[in-house]
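Below is one structure; the comments refer to it alone.
The values are calculated or read from the model by the stated rules, or taken from the named source; none is laboratory data. Computed from a predicted structure; not experimentally measured. No Cβ is skipped: glycine too gets one built from the backbone with ideal geometry, and neighbour counts run over all protein chains shown.
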Amino acid sequence: MHKSVKNLEDINSELSLKVKENISPTIVAVSKTFKMQEILPLIEHGHSHFGENKVQEAIEKWSDIKNEYPNIKLHLIGRLQTNKVKFAIKIFDYIHSVDNEKLAKKISEEQSKQNKKIKIFIQVNLAEEKQKSGVSKLDLEDFYKYCKNLDLDILGLMCIPPANKDSKIFFQELSLLNQKLNLKELSMGMSSDYILATECYSTFLRIGSKIFGERIN
């Protein structure tokens, strides 16, 4: 068994032992910077959800593979610039990082042109960190309404907690905000804190190094 497949199975086993209320989160295997030869064992094992940070890298890596394996769902988990939206919609099925009106409007326009509906998470900057993307929680409700008026398919909220603080506090807060908006999905939790995230009702876990090993930049 390939190492990445074993790692994925270990994560699934851990989740099944520790997670309450029969929650079965979707694992997005974050494959950014890894070559397709390292990803293929997971695809052949039957895993279908993968995450990439950059639009150009995703197009180069995944265009042929997605034709060969039509069940693959590709998630954009990095920041999206408006000039890349038309390319992003072509290759991705989910976008986890929508956080401003200009971007939301561009996605809406491109969806109409391409006749393809993308599943979207709104990224929330809970700690108001200047270096991070994300809508302020104070503006969240208005931004959500703006996205719905554009007929965007908003699944739920996404966050990246501050590196040096207790993730659980932020996961609990995002979960409450998600409930307030009556959204069903939550994108939170990475290699270091996916168990905590699942305990706070995350339904999409973005796990990279715990599956593939440490990445080479």
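Close Cβ contacts (under 7 Å, 6 or more residues apart or on different chains) running from residues in region 94-108 that are closer than 18 Å to C159 by Cα to residues that are small (G, A, S) and part of a helix (DSSP H, G or I) comprise I95/A88; V98/A104. Can you work out which of the residues in region 110-128 that are of a type in the set (D, E, K, R) and not in a helix (DSSP H, G or I) is surrounded by the most Cβ atoms within 10 Å (Cβ to Cβ)? Out of the qualifying residues, it is K119. If I ask for residues that are over 25 Å from D193 (Cα atoms) and either part of a strand (DSSP E or B) or hydrophobic (A, V, I, L, M, F, W, C) (or both), which ones from region 22-69 would you list? Across region 22-69, the qualifying residues are M36, L40, V55, A58, I59, W62, I65. Pick from region 167-209 the residues that are among the aliphatic types (A, V, I, L, M), in a strand (DSSP E or B) and touching a residue at least 40 places away in the same chain (Cβ under 8 Å): which of them is farthest from E38 (Cα to Cα)? Checking each candidate, the answer is L205. Based on what the data block shows, is I107 of a type in the set (A, V, I, L, M, F, W, C), surrounded by fewer than 21 Cβ atoms within 10 Å (Cβ to Cβ) and in a helix (DSSP H, G or I)? No, not satisfied. From the residues in region 162-179 that are out of contact with any Ser or Thr (no Cβ under 9 Å at 6 or more places or on another chain) and under 14 Å from L196 (Cα atoms), which one is modelled with the lowest pLDDT? Top of the filtered list is K165.
Can you name the residue in region 148-168 that is out of contact with any His (no Cβ under 9 Å at 6 or more places or on another chain) and under 17 Å from Q179 (Cα atoms) and, of all such residues, is surrounded by the most Cβ atoms within 10 Å (Cβ to Cβ)? Result: C159. Candidates are the residues of region 69-109 that are under 15 Å from the mean Cα position of the chain (by Cα) and of a type in the set (K, R); the one that is farthest from K148 (Cα to Cα) is K73.
Within region 129-152, can one find any residue that is under 19 Å from the mean Cα position of the chain (by Cα), of a type in the set (A, V, I, L, M, F, W, C) and part of a loop (DSSP other than H, G, I, E, B)? So far as region 129-152 goes, yes, one or more of its residues are under 19 Å from the mean Cα position of the chain (by Cα), of a type in the set (A, V, I, L, M, F, W, C) and part of a loop (DSSP other than H, G, I, E, B).
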